[in-house]
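Each value in this text was obtained by applying a stated rule to the coordinates, not by laboratory testing. What you are looking at is a predicted structure, and each value in this text was computed from that prediction instead of being measured. Glycine gets a Cβ as well: all are built from the backbone with ideal geometry, and neighbour counts include every protein chain shown.
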Amino acid sequence: MRRSEFDRAVADEFGARGGAVTTDLVLSGVGDRTAVEALAAGVPPREVWLAICVETDVPEERRYGVGRLEPRRG
């Protein structure tokens, strides 16, 4: 997962609350840091995304493959 895909996944799942989720929610899965802190420390975006999903009870079907753009139709 790229950082842009992470940002898109957060926006799609949490909407206007996405900023608060990444700056305020402390994630035990990434060393008791916020998503912003974890990303700045070099934790891969996929790992941070999955930690957010665990902490906020995002259903399994919305955890994997999110954030990717739909393929272009030719």
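Using all alpha carbons of the chain, what is the percent of pairwise distances in each 5 Å bin, ordered from the shortest bin to the longest? Taking all Cα pairs of the chain, the binned fractions are 3, 17, 30, 27, 14, 4, 3, 1, 1 percent. Length gained on full extension, ARG62 to ALA16: 14.8 nm, using 0.36 nm per residue less the C-alpha separation. Shown in residue order for the range 29-38 are the 3J(HN,Hα) couplings computed by the Karplus curve 6.51 cos²θ - 1.76 cosθ + 1.60 at θ = phi - 60°: x, 10, x, 6, 10, 6, 4, 4, 5, 5 Hz (x for Gly and Pro).
Take the Cα of VAL54, step 7 Å toward its Cβ, do the same at SER4, and the gap between the two points is 2.9 nm.
So what is the relative contact order of the chain, in percent, for Cα pairs below 8 Å that sit 6 or more residues apart? Value for the chain: 37 percent.
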